[in-house]
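The values are calculated or read from the model by the stated rules, or taken from the named source; none is laboratory data. Computed from a prediction, not measured in an experiment: that's the story for all the values here. Glycine also receives a Cβ, built like all others from the backbone with ideal geometry; neighbour counts cover every protein chain displayed. What goes into the accessible areas is simple: the full protein's heavy atoms, side chains included, and nothing from ligands, DNA or RNA. Shrake-Rupley method; radii C 1.70, N 1.55, O 1.52, S 1.80 Å.
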Amino acid sequence: MAGPRWQVVVAVVVSAWTFAWILGQVGGVSVSPLGVLRAPVDWAGIPSGWVDAAGEWVRARQGVLAGFAFLAGGLWAVTTERGRLAAPGGWLAVLVAAEAIGYAAAVHRALVTLAVVIGVFALLSLLGRRAFVVDRIALLPRGVLHAGATAVTLSAVVPLLAPGLLVAGLVRPYVTRPPRPDPTRARVPRQRVDSGRRAEADSTT
């Protein structure tokens, strides 16, 4: 949430779409990503012909769009604290792939790709774990584990972002927060301590 506003908006939109799509798989009824959009489109009274047209366009290119699942795993693998937009981008690629090949196949391919990328870097780091980072770039096991854990965590949080913000907005008016410390009051004791130390130093000299 600390990134640029447009990135936050993109992440929230993808999060809401992904969360609704995942809920649509509960109960044995598989709902496609475009099928999730049909309910709010019909509720808003917007013509839904474009949804059917988009579905036909995806099915006509099923073989190509299925590769978006591997792209999703790659985007998840390169997600960092500064490059957090790759995580919702990966979920958007999963949605595209799922429209073509289904929920289970798209998620499975994306997760396998993520695991393979992290596993390859982990293996390479074990081969060069005795390298010293002095004047060259090196793969170290600790750095690879940290990067992999960050990528997995930030990617897994994306579907929970929109519902988390909704819950936080509902709870915020009822939560009492402790008073924040006044920075001006916090500086007074430090000034007194500094002046006392100076007085002691002058007396000793």
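For the range 1-94, give me every one of the helices (runs of 4 or more DSSP H) that falls completely inside it and has 1 or more residues that are loosely packed, with under 13 Cβ neighbours inside 10 Å and aromatic (Phe, Trp, Tyr).
Values: elements: 5-23, 33-43, 49-60, 62-65, 68-77.
Because the criterion is at least 1 residues that are loosely packed, with under 13 Cβ neighbours inside 10 Å and aromatic (Phe, Trp, Tyr), the helices (runs of 4 or more DSSP H) in the range 1-94 that meet it are 5-23, 33-43, 49-60.
Just checking, does the range 56-69 include any residue being modelled with pLDDT of 85 or more and in contact with a Lys or Arg (Cβ under 6 Å, 6 or more places away or on another chain)?
Scanning the range 56-69, I find at least one residue that is modelled with pLDDT of 85 or more and in contact with a Lys or Arg (Cβ under 6 Å, 6 or more places away or on another chain), so the answer is yes.
Report, by residue number, each residue of the range 100-114 that is touching a residue at least 40 places away in the same chain (Cβ under 8 Å) and open to solvent by 30 Å² or more (accessible area, probe 1.4 Å).
103, 109
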